[in-house]
Every structure is written in C-alpha cells, then in structure tokens.
Amino acid sequence: MSDEDVELEARLEEQEVFEPSDAFVEQANVSDAGIYEEFEEEWPECWEGAADLLDWEESYDQVLDDSNPPFYEWFTDGTLNASTNCIDRHLDERGDEAAIEWVGEPVDEDNVTLTYSDLHEKVNEAAAALRDLGVGEDDVVTMYMPMIPELPIAMLACARIGAPHSVVFAGFSADALATRMNSADSEYLVTCDGYYRRGDPLDHLDKANEGLEGVEHDTDTVVVDRLGRNGDDFGHDLADDQHDWGELMADHEGAEVEPVDRDAEDMLFLMYTSGTTGKPKGVKHTTGGYLSWTAWTSQAVLDIKPEDTYFCSADIGWITGHSYIVYGPLALGTTTMMYEGTPDHPDRDRLWEIVEDYGATQLYTAPTAIRAFMKWGEEYPDQHDLSSLRLLGTVGEPINPRAWKWYYKHIGNEECPVVDTWWQTETGGMMVTTLPGVKDMKPGSAGPPLPGLDVQIVDTNGDEVEPGRAGYLTVNKPWPGMLRTLYKNDERFIEEYWAEYSDTDSSDPDDWVYFPEDGAKIDEDGYITVLGRVDDVLNVSGHRLGTMEIESAIVGVEGVAEAAVVGGDHPVKGEAVYAYVIVEDGQEESDEFRAEIVEAVEDAIGPIARPEQVIFTPELPKTRSGKIMRRLLEDIANGEELGNTSTLRNPEIVEDIRQVVQGD
Ligand code: ATP
Ligand code: MG
C-alpha cells in the first residue's frame with residue numbers, strides 16, 4: 001500500500017457518517033428532505049403516490065380500510081393486472097428495450113436478452129398454455145426452478161390470468177416442495193429438467209419427481225428443457241401428466257391473452273418463508289398493495305430509472321428476487337438482470353465481470369456475499385471497470401461497518417451511496433433504510449424508517465427504549481406492502497406477528513402493533529441498527545447481548561472474514577459467549593489472534609461480552625439463503641445431539657466443527 005492508501009484506509013476506518021455525493025443527489029429520484037414530514041402529515045393518503053406509479057383498470061375508492069385490524073385492506077375496490085403493469089404499458093415507449101438481461105452459467109455462451117416485446121410475447125404464450133392446462137383464476141401454481149428466464153415468464157403468465165404463484169427455491173429438497181404444494185393445495189407445477197452448477201449439469205427433475213410423490217392430490221407438471229442435449233444423460237421420460245414447456249409454447253405461438261382484472265386485494269402470490277426458525281409460513285401478498293410498494297421503494301430507494309441496467313444478485317426463489325428482480329423493476333419499465341450461477345465460478349470476479357460487461361447501474365446483494373468478496377481480496381473487483389455503478393444495496397442480514405466500508409470503497413469507489421435495507425418476506429418490500437438522495441449513511445445502521453412508516457424500538461412492555469439500548473423492533477401503522485395473512489391460517493397470522501404487542505380484542509387500529517421478531521437499537525438521530533432475530537439475543541449474567549453486536553466487533557478485527565456468536569450454557573453466567581470465527585486468507589489461527597479478538601469484544605461492548613471460547617473454523621453452517629444457522633452452533637457449544645441439518649447448504653461442515661469443539 002502507498003502512503004496515500006494507508007491514510008485513506010485510516011480515515012475510512014474512523015469515519016462514521018457518509019454523505020451521498022452531490023452528483024448522486026442531483027439526479028436522485030427522491031431528493032427533497034421534506035418527504036418525511038409530508039408523509040407523516042398526510043398519512044395514509046401519502047401512499048396514493050405509490051399507487052399512482054401503476055396503471056389501474058378501475059381506480060380505488062379508499063386508500064386504507066382499517067375497520068378490521070389486523071386485516072387491513074389497501075386501495076379497496078381498485079382493479080389492475082400485474083402483468084399489464086410490468087409489461088404491456090411499457091410496450092409503446094420501451095418495446096425494443098431490454099426488460100430482462102439473462103446471464104447464464106458460462107457453459108455455452110447462451111445469454112438471453114428479452115425485450116419488453118419479447119417478454120410480452122412469451123408471457124402471453126405461457127399464459128395461454130397454462131390456461132389450456134386448466135389453470136383458472138385463484139389456482140395456485142407452484143414453481144420449482146433455478147434462475148432461468150422461464151421463471152419470471154411463468155410468474156408473469158400466472159399474474160396475467162389471475163393465478164397466484166408459489167415459488168419454491170430450486171435448492172430446497174423434494175420434501176420441502178411437497179410440503180409447500182400440499183399446504184397451498186397447488187395442482188400445477190412448473191419445473192425444469194436440470195441446470196448447471198459450477199459448469200456441471202445437475203438433475204433437477206429427479207428431485208421434483210420425488211417431491212411430487214409426496215403430493216396428496218393430482219397434479220399437472222410443465223417441464224422446461226434447460227439442459228438440451230446435455231440432459232439426455234439423465235434419461236428422463238415425461239409421464240402422462242407432465243408436459244414439455246417448449247411444445248406448449250410452440251402450440252400457443254402468437255397467442256394473446258386478455259389480462260384478468262384483479263381486485264387490489266386479490267392474491268398475487270404466496271411465498272413460504274425460508275424456515276430458518278421453524279415450520280414454513282405461507283405469506284400472502286396482494287396485487288395492488290404489494291405492487292405499489294415494490295414499485296415505490298424501487299424508485300425511491302434503489303433510484304431505478306427506465307434507462308438503467310439494474311442488477312440484483314439474489315435468487316428469484318427468495319422474496320428479494322420477487323420484489324427487486326421481477327415486480328418492482330419491471331413495474332418501472334427498467335432493464336433488470338438475472339444471473340444463473342455462483343459468484344466464484346468460473347472465477348471470483350464473476351459479478352464484476354457481469355457489472356462491467358453490461359454496464360450495471362445498481363448492484364443489490366447480501367452481506368454474506370460482501371464478506372466473501374472481502375475475504376477473496378480487492379484484486380478481483382480491481383480487474384474490472386465498475387464505473388457504471390451509481391448505487392449499491394444490501395439486504396438479508398446486518399452488515400458490519402468494516403464490510404460496509406469495503407463495499408463502499410472497493411465496489412463503489414466512494415462515489416455510490418450504499419443502502420442497507422431492512423425488511424422481510426412478510427413486509428413485501430423495504431422498510432428501514434436511508435433514502436439515498438436525502439439521508440447521510442452510517443455504516444452498520446440500516447437508517448431511519450422510510451417516510452410514512454411508524455417504527456419503534458420497545459422493551460418487553462411495549463415502551464420505547466432509550467437511544468442506544470437494545471429492544472424490539474415494532475411497526476405501529478400498516479403499510480401497503482404488508483402481508484395480509486398466512487395462507488388459510490388467520491389465527492397463526494395473529495399469533496406470529498401481532499399477539500406480542502397488540503390488544504387482540506380491540507378493533508381500534510391504534511391497539512395493533514406488528515412485531516417482526518427482530519431485535520434492534522436506535523440512536524439519537526433515529527437511525528436503527530438491527531441486531532438480528534430475537535432468539536439471537538443472549539443472556540449473560542443477566543445482561544442482554546445481541547449476537548450481532550458481538551459479531552460486529554469481531555469482524556471489525558483485521559484478519560477476520562466472518563464470525564458467528566452463540567450462547568452456550570454456563571453454570572454461573574447462565575449463558576457464555578461462544579465465537580466461531582473464519583479468518584481471512586493469509587491470517588494465522590494463533591492464540592495471539594484469539595486474544596486480539598477477545599480484546600476487541602471487550603473494547604467494543606465490555607468485559608461482560610468476553611467470549612468464553614474462540615473457535616476457528618473454515619466455514620459456518622449456512623441455510624440455502626446464506627444465513628448462518630446459529631441453532632446448530634448452539635447445540636455444538638452445549639454438547640448436544642445435532643438436530644436436522646438437511647436445509648443447510650454445507651451440512652458436512654457441522655460434523656467438522658463438532659469434532660473441534662466436543663472432541664470425538
Ligand atoms: P424465517 O422467517 O422463515 O425464519 P427469514 O427470516 O430468514 O426466515 P427473510 O424474510 O428472507 O426470511 O429474512 C428477513 C430477516 O432477515 C429479517 O427479519 C432480519 O432478521 C434479517 N434482515 C434482512 N435485512 C436485514 C438488514 N438490512 N439488516 C439486518 N437484518 C436484516
Ligand atoms: Mg423471518
């Protein structure tokens with residue numbers, strides 16, 4: 001490093017507040033700071049602006065009907081169609097522009113550009129084909145597909161005919177597919193023969209078929225041929241109730257399907273949450289509220305404009321992909337990218353290669369990916385011209401300041417604002433984050449709630465906590481993108497999200513509080529730091545410590561790539577802090593380094609948080625969506641039998657870690 005670099009590094013490390021650049025603010029979709037006050041004064045009418053981003057068939061009567069909390073209704077009696085909003089209305093101006101840029105696994109260079117006209121054609125054909133198969137309005141169609149263009153095509157085809165979709169992440173097991181199809185009474189499945197993973201063809205239909213065996217009712221399946229002749233090796237024959245996607249599309253070539261008028265409150269889709277914490281929940285999202293919310297947040301937070309080439313690296317199998325690859329960006333008529341593959345194949349510069357090749361203007365990714373990029377080193381992004389980027393975003397987990405600053409510097413060249421967006425499957429879209437053209441950024445803190453949202457950090461009694469103290473995040477007013485219920489289970493909906501802080505006998509909306517089950521703290525400026533799920537809070541000698549806070553202190557140590565903290569039973573303290581640590585390439589796993597980590601925690605939080613054990617490990621057990629499975633690490637710390645590891649991306653690592661900690 002040159003002297004200049006060292007100086008820069010030191011300055012970055014100290015800096016706690018970052019202003020968006022003038023160049024960004026000047027062109028931002030939202031740059032008027034008055035929006036916060038204005039939305040508060042005009043609530044709930046402030047959300048008319050979000051609804052105005054859409055084309056309505058029949059305009060709505062009422063912005064919000066809150067007569068029966070927590071079953072709120074938005075934009076009542078309005079009608080619209082999501083596929084019209086995401087495709088048809090852009091045809092005149094943007095028909096020849098790319099709607100979707102698909103970057104496939106680098107096997108046969110078969111990247112695909114779908115213009116809005118192409119997308120229109122394919123969605124119509126798919127809609128006609130599905131309808132001919134018998135799919136009617138309100139029939140749930142399940143999709144079990146990797147990141148191939150047929151996935152958004154099928155989703156939008158369903159939206160066109162008013163059939164809610166339920167997308168099951170392709171990495172999930174056969175069992176997970178069966179559970180979700182049974183729960184949703186879904187009689188239709190769209191899947192594919194296989195796909196590529198790190199260059200190798202992978203059999204997917206085999207897994208889908210195994211899942212179908214567990215489905216309790218008759219089904220029709222449509223199978224996309226992704227592998228072409230390479231898939232012949234798997235020797236699949238389609239059964240009588242299985243149809244070839246390509247043949248169906250050919251049979252319906254040139255078909256046009258009149259979009260079905262959907263009520264604003266009609267279900268657009270069902271999404272089962274990933275189940276990090278237990279039995280999957282069928283989250284119901286609606287047509288009017290959800291689409292308004294994702295369009296508005298895409299515009300205000302991601303700063304999307306039609307001429308952008310926007311890149312979100314998530315999988316459409318998660319809510320992030322639904323809201324911010326498909327619905328939000330397409331509703332705004334922009335070019336949205338989707339890529340199939342992994343960030344380290346064929347090399348660790350895969351994402352940067354894509355950003356450069358396509359001139360991506362925004363990048364929206366996850367902290368777990370950013371920490372991996374950081375571990376691999378800046379030489380990978382440095383090989384590429386990333387100057388097309390204007391804004392960066394993260395979602396999925398808290399991001400520690402060190403990773404935030406690395407992202408800001410090495411990917412954004414200190415010119416792009418970083419939006420750290422807190423939200424959930426249940427909220428439909430972003431909730432807590434900075435408006436990038438208005439607010440300063442504080443690394444490690446997601447930011448204030450978006451305008452028009454009433455978020456409080458409270459204690460167990462529901463009273464607001466002092467700034468700086470850990471509490472529970474709650475949302476006190478409804479918003480258009482919120483889930484409406486858990487599919488066919490209103491009771492569990494109330495129990496899971498409302499019972500904790502609401503007077504459930506009351507019909508006054510002021511008595512109803514949404515509880516997302518996350519811990520958080522707030523600072524004097526109203527910036528919120530999300531600490532993680534409530535069950536990730538430890539009780540050490542009567543002190544409540546967020547695992548995230550301790551992890552953040554640990555990953556702040558030079559040489560640490562990633563960390564997970566859990567509580568192990570302790571005879572005196574109640575719980576003791578166990579820290580699992582991955583070191584960066586080149587860092588020695590020594591006792592001196594252990595001591596350095598312990599000291600960093602003591603400095604940042606206090607001796608109370610001192611880790612009892614620091615365990616070096618090459619990997620952490622992660623769910624398929626990249627979240628650390630702390631429950632397993634806790635079992636290991638406590639010397640317990642290990643529970644189910646089948647939903648993990650890397651189950652083999654668990655036994656390795658167990659041996660290190662428990663011995664044989
Ligand atoms: P399940 O609810 O089934 O256990 P999940 O909560 O992992 O699964 P998601 O809805 O995808 O499923 O994740 C939402 C959660 O992710 C939030 O409740 C929060 O804990 C975490 N999260 C998301 N974004 C952020 C962020 N920017 N900062 C901190 N935490 C975040
Ligand atoms: Mg959750």
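Just so it is clear, none of the values below were taken in a lab; they were calculated from the coordinates. Quick caveat, the model's predicted, so the values are computed rather than measured. Don't worry about glycine lacking a Cβ; one is built from the backbone with ideal geometry, like all the others, and counts go over all protein chains shown.
Using equal-weight Cα scatterers in the Debye expression, the normalised intensity of region 455-533 in log10 at q = 0.12, 0.13 Å⁻¹ is -0.35, -0.41.
Over all orientations, the chain has a Cα convex hull whose mean projected area works out to 29.1 square nanometres.
When you filter the GluC sites (Glu not before Pro) in region 231-271 for DSSP loop state and at most 15 other Cβ atoms inside 10 Å of their Cβ, you are left with 253, 256.
Remind me, relative contact order of the chain in percent, using alpha carbon pairs under 8 angstrom and six or more residues apart?
Relative contact order comes out at 12 percent.
Considering only 389, 136, 179, the residue lying farthest towards the positive end of the dipole of the chain is 179, judged by Cα position with unit charges set on Cβ.
The shape of region 79-172 comes out oblate: with a ≥ b ≥ c from the C-alpha gyration tensor, a/c is at least 1.5 while a/b does not beat b/c. Measuring nothing but how far apart in sequence close Cα pairs (under 8 Å, 6+ apart) lie, relative to its length, region 455-533 scores a relative contact order of 33 percent. Treating each Cα of region 537-662 as one equal point scatterer and applying the Debye formula with no solvent, the log10 of I(q)/I(0) at q = 0.14, 0.15, 0.20 Å⁻¹ comes out as -0.57, -0.65, -1.17.
Hey, which lysines would be in cross-link range of residue 477, C-alpha to C-alpha under 23 Å, not counting anything within fewer than 8 residues on its own chain? Partners found: 281, 284, 439, 521.
On a 0 to 90° scale, report how tilted helix 150-161 is relative to the longest principal axis of the chain, with both axes built from alpha carbons and the result rounded to the nearest 10. That helix lies at roughly 60 degrees to the long axis. Here the Karplus curve 6.51 cos²θ - 1.76 cosθ + 1.60, taken at θ = phi - 60°, turns the phi angles of region 346-351 into couplings of x, 8, 6, 10, 3, 5 Hz, with x standing for Gly and Pro. Under a model in which nothing but the beta-carbon of Lys, Arg (+1) and Asp, Glu (-1) is charged, region 478-623 shows a dipole of about 360 debye around its Cα centre.
Rounded to the nearest 10 degrees, the angle from helix 288-300 to the longest Cα principal axis of the chain is 60 degrees. Averaging over all projection directions, the Cα-based convex hull of region 328-382 occupies 4.3 nm² in the image plane.
Looking at the chain, the DSSP beta bridges with both ends there are about 60 percent antiparallel. The local environment of residue 409, defined by Cβ-Cβ distances under 9 Å, has a net charge of -2 under the rule Lys, Arg +1 and Asp, Glu -1. For region 255-383, the extents of the C-alpha atoms along the principal axes are 51, 41, 33 Å, listed from largest to smallest. Against the chain, whose longest principal axis comes from its Cα atoms, helix 3-14 is set at around 80 degrees. Magnitude of the charge dipole for region 91-218, about its Cα centre and with charges confined to Cβ atoms of Lys, Arg (+1) and Asp, Glu (-1), is about 300 debye.
Distance from the alpha carbon centroid of region 468-547 to that of region 560-634 works out to 27 angstrom.
Of the GluC sites (Glu not before Pro) in region 90-131, the ones in a loop by DSSP (not H, G, I, E or B) with at most 14 other beta carbons within 10 Å are 109.
Helices in the chain, meaning DSSP H runs of at least 4 residues, each add -39500 (n - 2.57). Divided by all residues, the mean residue ellipticity at 222 nm is -8000 deg cm²/dmol.
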